[in-house]
1. Select, from B:Ser114, B:Ser81, B:Ser58, B:Ser110, the only residue that is of a type in the set (S, T, N, Q) and open to solvent by 40 Å² or more (accessible area, probe 1.4 Å).
2. So, of the residues in the stretch A:115-146 that are away from chain B (no Cβ under 11 Å) and without any contact (Cβ under 8 Å) to a residue 24 or more places away in the chain, which turns out to be nearest to A:His169 (Cα to Cα)?
3. Given the conditions (1) over 18 Å from A:Pro188 (Cα atoms); (2) more than 7 Å from every other protein chain (Cβ to nearest Cβ); (3) of a type outside the set (Val, Ile, Thr), report the number of the one that A:Lys107 does not fulfil.
4. Counting residues that are open to solvent by 50 Å² or more (accessible area, probe 1.4 Å), which helices (runs of 4 or more DSSP H) fully inside the stretch C:170-268 reach at least 2?
5. Taking the stretch A:12-39, which residues are facing chain B (nearest Cβ under 10 Å) and open to solvent by 80 Å² or more (accessible area, probe 1.4 Å)?
6. Restricting the first residue to the stretch C:58-74 and requiring it to be at positive phi, which pairs with a second residue that is surrounded by fewer than 21 Cβ atoms within 10 Å (Cβ to Cβ) meet a Cβ separation below 6 Å and a spacing of at least six or different chains?
7. Restricting attention to the stretch A:222-253, report how many residues are surrounded by 12 or more Cβ atoms within 10 Å (Cβ to Cβ) and within 10 Å of chain B (Cβ to nearest Cβ).
8. Could we say that A:Ala100 is assigned to a helix (DSSP H, G or I) and either within 11 Å of chain B (Cβ to nearest Cβ) or within 24 Å of the chain's Cα centre (by Cα) (or both) here?
Amino acid sequence: MPQKSVLIPWRPVTSVVLLLLVWELAARAKLTPPLFLPPFSVVADQLCRSIADGSLTNDLALSLARAFGGLLVGTATGVACGLVMSRSRFAEWLIDPFVALGFPAPKIAFLPIFILWFGIGSSSKILLVAFACIFPVVIGTYNAARSVGRLFVWSALSLGSNRRSIFFHVILPACYPRIFTTFRIAVPVALITTFTAEMVAGGGGMGATLIYSQRFFESPTVFAYIVVMMCVGLVLDSALLSFQRRFLGWAEN
Amino acid sequence: MLIRPEAVSAGAARLIGRMSPLVLFIALWYGACSSGLVNSEFLPTPTKVAAALADLVSGGEIARNLFVTLFRAAVGLALGSICGIWIGLMMARSERFKAYVTPIVGGTYSLPKSALIPLFALWFGIGNVTAIAAVFLACLLPMIVNTYHGVVTTPKVLVWSAQALGTTDRELPSQVLLRSAMPDIFTGLRIALGFSFVLAISTEMIASTSGIGKLIFLYGENGTYDYMFAAIACIVAVAFVADRVTLLGMHRLLRWHESAAADYERRRL
Amino acid sequence: MLNIVRPKIEIRRVSKAYASDHGPVLALRDTDLAVGEGEFVSIVGPSGCGKSTLLYIVGGFLDADGDVIIDEKAIMGPGTDRGIVFQEYALFPWLTVEDNIGYGLDRQHVSATDRKKIIDRLIGVIGLTGFEKRYPRELSGGMKQRVAIARTLACDPAILLLDEPFGALDAQTREIMQDELLRIWLETQKTVLLVTHDVTEAVYLSNRICIMSARPGQIIEQFTVDLDRTRPREELVLSPDFNTIRNKVWLSVRRQALAAGQQNVDPS
């Protein structure tokens, strides 16, 4: 989403710089209580300290490990289900009501069930993340597989392919771009679910530290962690976007 | 339009057919519990959960907390949608506005909104404002993005025709741009609706004293798992119904849209 | 060039340049044209010569160098004095047929009774009685274009601008629509500026044809068409005087098309 231009994009940079300036000045001028809005410089300082003593890196590593673990499990299961559903009417009939019910539901509401079954450690969080990611991935994959232009399939048939090879050599490759897009959508879902689960249930990670800092009124840490979460999201999305452009650029999208 | 009786019974039969896997699921659940396959500590039987649900509903417990949660979600959704539509419209109409606003919008895109809940708790305490603020921010982004896309893809010839027919610049957004963007705006609304539930529940679990999220959390802490499952089932049902109602409303209001007919066939998912 | 006293539309030294990756591209260069009141003028030329651009400039949708004077006043953007009909129909998909037609009337806050009268009359004129409550997506191409024309006529503009209005229609529907347009023009005596790449259409409808050169566009030739349009189509199109003019015009356009290095002229 951020613009990328060869020259320095002075308008976007201006608004960000302006924002930081206003933040710093407003905080220093005590327009707001320091508890509510610590100056940017103090936040930056806390950020450096957290990195230096390793607490931030530990938390980040733990959260990312959980998020990715859940993302992988959820995406793999979701893609498999979506593909199976697209090929088999029985599978579609069987799985559809669960997907239809689960998709609009707030998955975080299921956290207590996962905690009950798997404790407050990492496994409950990984499984919750997987659970949250499955639904959009199933739907996206299903739609992608169903919408492969029938002209592609007919061409393949007339060139002598059988049903099975059509699936693996025509439908599947045609789906890759849309499945990847679905994966990209699942990444923020995974991150949000991980952080929220950590905030609710504790057990280490970015979310847990964030909520502890809030409870002990350590606002610089709160702000610092939020900034880090934002950067993580940005970096991940840019990385995925450039990957998509490089390897899946052939799709018309 | 008369509703043909055959159509109704055919529709009902289809619905039952679609729901039968759920019935199967409940049967399996019951079987797993009663056969001792699963420890009933961790998975109450369907009958116990149903009883708990009945108790909650009759006792008004559910209704009260549900109302609080829905109130927070609805207010945040409404505010977020109105602001999101306005910002998206402005971004589509003014390159300058868009250039200044994009980095801020882009920044919030990568930020998990639930991360702001502790911050809002710090600022606003543990009441409605925190939840509404979180929901507001979460709903803002999909509405901005979708409105922007909808307005920007309005065909030039529509705008020109409207201008040749006497539409002033002030009337243009309401008469042409936003109407052309309606399908996209509704898509955004459906996404925002999902977010509103997630953020409301998240806030309640983290920093609140009321609401369904808090209720679920409390039952979990107390060990009354049948009530916990019942409350979760409740919110899942409510979210589902809200989504379906929005979808229905969408199809009625977008009757004129090219794909409206096609969409209606694909009622599932 | 014809000498028209007090022209309705005067296009004076209009030039239009677009920015592109390879520097500015000149779409129109010093185009001059005068259109008298009640005239039916067609602009014909090869693809990409800028004829649509010229129409959009007259409509006030695009800025350009030079002047466009209507009724001795320079134009300042789009206006209800110049109705426009596009090849893509450009009907508002969220409005029914009657609401589309009534759109301009609504902007002028015309009373409900007057609105109904005008809409009913126009629906009759275009022959779509019974379709008032339909949405554009339920209509065929020809029907959509009729609604588009009715919508423009509802505001009773003095000038009609038509940008390849029948280009998207099949041959039979096109001929029917041409007859409709001719009828409307003969009845209302509006000033019409038509852009088309169909030479036969231009000769059939207009009393003056302007040939536009390849890009950058300029009007390099004009033909007066003096045919008796009360004759039925079968007689008119097959008559020798029709074909003499048609052949001359076609040849002129063809030369331009070849000059532009294209073979896109429709020899129909």
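The values are calculated or read from the model by the stated rules, or taken from the named source; none is laboratory data. Just so we're clear, the structure is a prediction, and the values are computed from it rather than from any experiment. Ideal geometry is used to build each Cβ from the backbone, glycine not excepted, and the neighbour counts take in all protein chains shown. Accessible surface is based on the protein model in full, side chains and every heavy atom, while ligands, DNA and RNA are left aside. Shrake-Rupley method; radii C 1.70, N 1.55, O 1.52, S 1.80 Å.
1. Values: B:Ser114 fails: open to solvent by 40 Å² or more (accessible area, probe 1.4 Å); B:Ser81 fails: open to solvent by 40 Å² or more (accessible area, probe 1.4 Å); B:Ser110 fails: open to solvent by 40 Å² or more (accessible area, probe 1.4 Å).
Exactly one residue qualifies, and that residue is B:Ser58.
2. The extreme case among them is A:Ser123.
3. With (1) over 18 Å from A:Pro188 (Cα atoms); (2) more than 7 Å from every other protein chain (Cβ to nearest Cβ); (3) of a type outside the set (Val, Ile, Thr) applied to A:Lys107, the lone miss is (1).
4. Passing ranges, in order: C:171-188, C:233-238, C:240-259.
5. Matches in the stretch A:12-39: A:Leu18, A:Leu19.
6. That search, which allows pairs on different chains as well, returns C:Gly60/C:Ile75; C:Gly60/C:Gly77; C:Gly66/C:Arg12; C:Gly66/C:Arg13; C:Gly66/C:Ser15.
7. Let us first name the residues in the stretch A:222-253 that are surrounded by 12 or more Cβ atoms within 10 Å (Cβ to Cβ), namely A:222-234, A:236-238, A:240-241, A:243-244, A:248, A:251.
Add one more test, that the residue is within 10 Å of chain B (Cβ to nearest Cβ), and what stays is A:222-223, A:225-234, A:236-238.
Summing the residues that are surrounded by 12 or more Cβ atoms within 10 Å (Cβ to Cβ) and within 10 Å of chain B (Cβ to nearest Cβ) in the stretch A:222-253 gives 15.
8. Values: assigned to a helix (DSSP H, G or I): yes; either within 11 Å of chain B (Cβ to nearest Cβ) or within 24 Å of the chain's Cα centre (by Cα) (or both): yes.
Against the criterion (assigned to a helix (DSSP H, G or I) and either within 11 Å of chain B (Cβ to nearest Cβ) or within 24 Å of the chain's Cα centre (by Cα) (or both)), A:Ala100 qualifies.
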